[in-house]
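Down below is the structure, laid out as structure tokens.
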Amino acid sequence: MTQTATVSELIDGRPLSGVQWWVLGLCTLVVLLDGFDVQAAAFTGPALAAAWQLERSTMGPIFAAGLAGMAVGALLLGPLGDRYGRRPALLLSVLAFGSCTLLTGWAQNFEQLLTLRFLTGLGLGGALPNTTALISEYAPRRHRNLCVAVTFLGIPLGGIVGGLLASWLLPRYGWPSVYIVGGLAPLALVPLLWRMLPESISFLVTKDQTTQASAILRRIDPTATALLRATEAEPKASNFPVRALFDPGYGGDTLKLWAAFFANLIAVYFLISWIPTLVVEAGFDLRFATWATVALNLGGAIGPLLLARLTARYGTRLALPGILLLAALSVVITGHVGDSLPLLLVLVFCCGFFAFGAQISLNTLAAHIYPTRARSTGVGWALGIGRIGSILGPLVGGVLLQMKLGLPTYFLAFSTLLIAAAVAAFSVRRQQPAV
């Protein structure tokens with residue numbers, strides 16, 4: 001009898017190979033550029049408002065337009081990854097957000113900027129679910145949390161690089177320069193992705209493309225001789241893969257996962273969008289707004305790496321709600337800092353550490369819950385629903401700013417959402433077990 005094995009059985013237990021390192025590195029680069037471009041509006045917000053003589057609070061719709069585009073992009077391009085492959089969906093996403101970011105540098109008025117930020121968001125929204133699915137399907141189980149965390153390290157790293165680069169570009173070349181650099185970089189990456197990024201082996205197997213799948217697998221392990229079969233006995237993906245998210249046993253977890261994404265991403269994008277402006281509102285000099293952005297993203301870079309190990313060791317049932325509650329506590333305390341800049345930067349770092357770390361764990365949990373045929377769709381729709389909620393973060397932040405309720409009220413309002421996310425995450429039934 002010919003021996004057969006699932007892709008996971010053949011990958012698990014082996015060290016990362018050259019192909020897997022390439023997938024990890026390229027996906028991390030994509031997410032880094034995604035992180036740069038998604039935060040470009042926050043970097044340029046104060047300078048653009050000054051150049052166009054706008055009230056700072058009117059930047060809320062600009063922030064929200066990008067997030068709305070990301071929601072739609074995740075909902076549309078996530079399922080494309082399950083129908084046509086992670087690789088083509090990811091290439092399309094990078095090409096879209098690179099082109100639209102570049103064009104934003106030539107926006108002439110508020111309406112053009114609003115439209116281009118929405119179109120940029122379409123591409124940004126499609127990149128994350130497909131990178132998550134691709135990494136989850138290439139990484140061995142014991143390294144999966146860490147690999148996803150390393151990939152999503154690109155978001156805060158993109159924020160750090162973008163914040164530092166913006167602080168150099170803005171006074172010399174003005175706000176358009178940030179978008180020009182942010183657009184050219186992903187466009188330059190597209191040829192490398194086309195040549196070097198392989199398709200998901202698990203996806204190829206579900207599409208009966210076992211010859212191509214076996215060829216990629218032999219690059220990972222030249223001694224592999226077993227025939228490949230699907231990871232589990234599952235029906236073929238339908239033309240409407242979203243339906244699979246509500247198959248028997250999945251519907252309840254889908255709704256709870258959506259609630260956790262919705263609540264956490266409102267808080268995360270409130271912080272990303274408004275931290276620079278709120279630092280200025282608190283009375284600090286404009287240059288310290290960039291420092292706060294770097295502190296937030298530095299915390300977001302370190303947190304996922306450390307918290308991924310914690311989540312892997314104890315499983316998502318215990319670790320994830322605890323991380324979200326610590327994020328809520330950090331946000332509340334940040335609102336009561338007063339005029340101490342060092343303390344403010346430390347607390348903003350903690351906000352990024354726990355809130356970004358929780359989101360990476362949520363992404364990993366989403367990839368764990370769903371089978372191969374619905375993995376990009378499951379992650380994409382969770383992110384899409386979360387993005388719909390996160391649109392409220394910038395908008396509500398703008399409303400609160402106009403009402404002049406004070407920093408404690410702003411931060412208290414969003415900390416309650418992190419508590420709600422903790423409750424929703426705890427109630428998910430298909431938790432990722434401890435390794």
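Worth pointing out:
- Accessible surface comparison of Met196, Met59, probe 1.4 Å, protein chains only, largest first: the order is Met196, Met59.
- Net length gained if the chain between Leu305 and Ala51 were fully extended (0.36 nm per residue, minus Cα distance): 87.6 nm
- Mean separation of Cα contacts under 8 Å (6+ apart) over length of the chain, as relative contact order %: 26
- Highest-fluctuation residue, Lys404, Lys256, Lys207 considered, GNM on the chain with Cα pairs under 10 Å: Lys404
- Computed with a 1.4 Å probe over protein heavy atoms only, the accessible surface of segment 234-375 comes to 36 Å² per residue.
- Calculated FRET efficiency for the pair Lys404/Trp21, C-beta based, R₀ 56 Å, to 0.05: 0.65
- Taken over the alpha carbons of segment 313-381 as equal point scatterers, the Debye sum produces base-10 log I(q)/I(0) values at 0.15, 0.17, 0.18 Å⁻¹ of -0.59, -0.68, -0.72.
- Sum of side-chain charges, Val178 neighbourhood, beta-carbon under 14 Å (Lys, Arg +1; Asp, Glu -1): +1
- Counted charge near Leu124, where neighbours are those whose Cβ lies closer than 13 Å (Asp, Glu -1; Lys, Arg +1): 0
- Fluctuation leader among Thr277, Thr211, Thr101 - the chain, Gaussian network, Cα springs under 10 angstrom: Thr211
- Net length available on complete extension from Asp285 to Leu329 is 13.2 nm, with 0.36 nm assigned per residue and the Cα-Cα distance removed.
- Of the residues Leu383, Ile180, Gln39, the one whose Cα sits farthest towards the positive end of the charge dipole of the chain is Leu383 (charges of +1 on Lys and Arg Cβ, -1 on Asp and Glu Cβ, taken about the Cα centre).
- Across segment 297-435, the relative contact order, built from alpha-carbon pairs under 8 Å that are at least six residues apart, equals 45 percent.
- Between Asn109 and Val190, the simple label model (points 7 Å from Cα in the Cβ direction) yields a spacing of 2.9 nm.
- When the Cα positions of Ile201, Phe118, Ile62 are compared along the charge dipole of the chain, Ile201 comes out farthest toward the positive end, with charges on each C-beta of Lys, Arg, Asp and Glu.
- Three-way shape label, the chain, alpha-carbon gyration tensor, a/c 1.5: prolate
- Dipole magnitude of the chain about its Cα centre (Cβ charges: Lys, Arg +1; Asp, Glu -1), debye to nearest 20: 760
- Kyte-Doolittle mean at least 0.0 and Cα axial length at least 20 Å: DSSP H helices in the chain: 18-38, 60-84, 86-104, 110-138, 154-173, 176-196, 251-281, 286-314, 316-334, 341-369, 375-390, 407-426
- Element breakdown for segment 257-354 at a 1.4 angstrom probe: carbon and sulfur atoms account for 71% of the accessible area.
- Charge tally around Pro88: other residues with Cβ under 15 Å, Lys/Arg +1 each, Asp/Glu -1 each, net +3.
- When peptides 428-434, 139-145, 70-76 are ranked by their average number of other Cβ atoms within 10 Å per residue, the highest-first order is 70-76, 139-145, 428-434.
- Residue (of Leu401, Tyr370, Ile419) at the positive-pole extreme of segment 316-435, dipole from beta-carbon charges: Tyr370
The values are calculated or read from the model by the stated rules, or taken from the named source; none is laboratory data. Please read these numbers as outputs of a predicted model, since none were measured by experiment. Counting neighbours? That spans all protein chains shown, and the Cβs are built from the backbone with ideal geometry, glycine included. Keep in mind that these areas ignore ligands, DNA and RNA; they rest on the heavy atoms of the full protein, side chains included. Shrake-Rupley method; radii C 1.70, N 1.55, O 1.52, S 1.80 Å.
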